[in-house]
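A.B. asks: One structure coming up, written as structure tokens, with questions to follow.
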Amino acid sequence: MSNFISCGKLATQMENGLEQVKKGLKKKFSSKKIIFGQGFDGAKVVFVTDPATSREIEENKPITGHGEKTLNKLLKLAGLDKRKVYITNVVKYTVQGRVHTSKEIKSSVPFLKEEIKTISPQVVVTLGTTALTGIGLRQPLNNVRGRTFNFGSYELLPTHHPENTQKNPILQPELEADFLKLKTLLKNIKERPTEV
């Protein structure tokens, strides 16, 4: 019974933490239409994607269209249930006719970090270059894609944004390899002995 109570308290704390992030985002970016992260708030895997596009704002989803369809196939490849992951954008609003400035990205990062801290995943997968920079790894994506990095409380796995496979189909095998690596990484984390 005590496990059930403690799980219930943990879920409430996570919900409260995510609500605090939402309130902070609304306050900081009050003039913008914000897309909040979506998915399971107890997820073992968090996907951080590039800034929201106008289509994502319109549909109120962190990833849409070809990118979403490709991601769904990749999740199946990795043996992940879409309902058991969490997806969020590094910057939760869009700007028309230009890319986000480094200042705009930097002002969004504290909210992203708090979101990740609240969910406490085992693995964070960045989808795209801006997501990678926002998470704090300032390396060219081509140099680090498919490699894992220990970020203290979680492992980081950078890869391409699934949307990019529409214009550049050669990226599809790389994405598939990265998601198979994610599957192996999760299996290895599950098999690690826990310290007492």
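A.B. asks: What is the P(r) of the chain, as percent of Cα-Cα pairs per 5 Å bin from 0?
C.D. replies: That works out to 1, 7, 16, 21, 21, 16, 10, 5, 2, 1, 0, in percent per bin.
A.B. asks: Counting other Cβ atoms within 10 Å of each Cβ, which chymotrypsin sites (Phe, Trp or Tyr not before Pro) in segment 13-67 have at most 12 and sit in a DSSP loop?
C.D. replies: none
A.B. asks: Kindly state, to the nearest 0.05, the FRET efficiency for Glu114 paired with Arg83, given R0 = 22 Å and r defined as their beta-carbon distance.
C.D. replies: According to the calculation, E is roughly 0.45.
A.B. asks: Between Lys187 and Lys69, with labels modelled 7 Å along Cα→Cβ, what's the label distance in nm to one decimal, could you check?
C.D. replies: That separation, rounded to one decimal, is 3.0 nm.
A.B. asks: Round to the nearest 0.05 the FRET efficiency obtained for Arg55 and Thr101 when R0 = 22 Å and r is the Cβ-Cβ distance.
C.D. replies: Working from the Cβ atoms, E equals 0.55.
A.B. asks: With n ≥ 4 as the cut-off for DSSP H runs, can you work out [θ] at 222 nm for the chain, using -39500 (n - 2.57) per run divided by the number of residues, rounded to the nearest 500?
C.D. replies: The helix-only estimate for the chain comes to -16000 deg cm²/dmol at 222 nm.
A.B. asks: While we're here: Taking trypsin sites (Lys or Arg not before Pro) as exposed when DSSP calls them loop (any state but H, G, I, E, B) and at most 15 other Cβ atoms lie within 10 Å, what is the longest stretch of the chain free of them, the sites themselves excluded?
C.D. replies: So the longest stretch without any such site is 34-97.
A.B. asks: So what are the ³J(HN,Hα) numbers for segment 119-134, from phi and the Karplus equation (6.51, -1.76, 1.60; θ = phi - 60°), rounded to whole Hz, Gly and Pro as x?
C.D. replies: 6, 6, x, 7, 9, 10, 10, 8, 10, x, 5, 5, 4, 4, 4, x
Every number in this text was worked out from the coordinates using simple rules, so none of it is lab data. Since we're looking at a predicted model, the values are computed, not measured. Glycine also receives a Cβ, built like all others from the backbone with ideal geometry; neighbour counts cover every protein chain displayed.
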